[in-house]
Amino acid sequence: VHVMSLVCTPENCDTCPGKIVCRCLQVTEEEIVNLITRFKVQSIRDIREHGGAGDGCTCCHTALQEYLQRYALAVVD
């Protein structure tokens, strides 16, 4: 299934790479995962400096921490 052909619905929201994680700065899940895996950022501070996410209201910090825990381990291995 081509990603662009997906219609945004509650049923496919969690698997959409374009899902917005940081609403203030419109940073997507795909951008966050790319920062963690490709550029090896290891903290919310790193994400804020290199990708902008988490630099607004900070509501996304819990989600950013979860992404760090999930994907930073893949970088180490």
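Every number here is computed from the coordinates shown, using simple stated rules; none is lab data. Note that this is a predicted model, so its numbers are computed, not measured. All Cβ positions, glycine included, derive from the backbone under ideal geometry; neighbour counts span all protein chains shown.
Remark on residue 27: its backbone amide H falls under 5 Å from those of 21, 22, a criterion applied only to residues 5 or more positions apart or on other chains, H modelled at 1.01 Å from N. Modelled label positions at residue 70 and residue 50, each set 7 Å beyond Cα in the direction of Cβ, lie 1.8 nm from each other.
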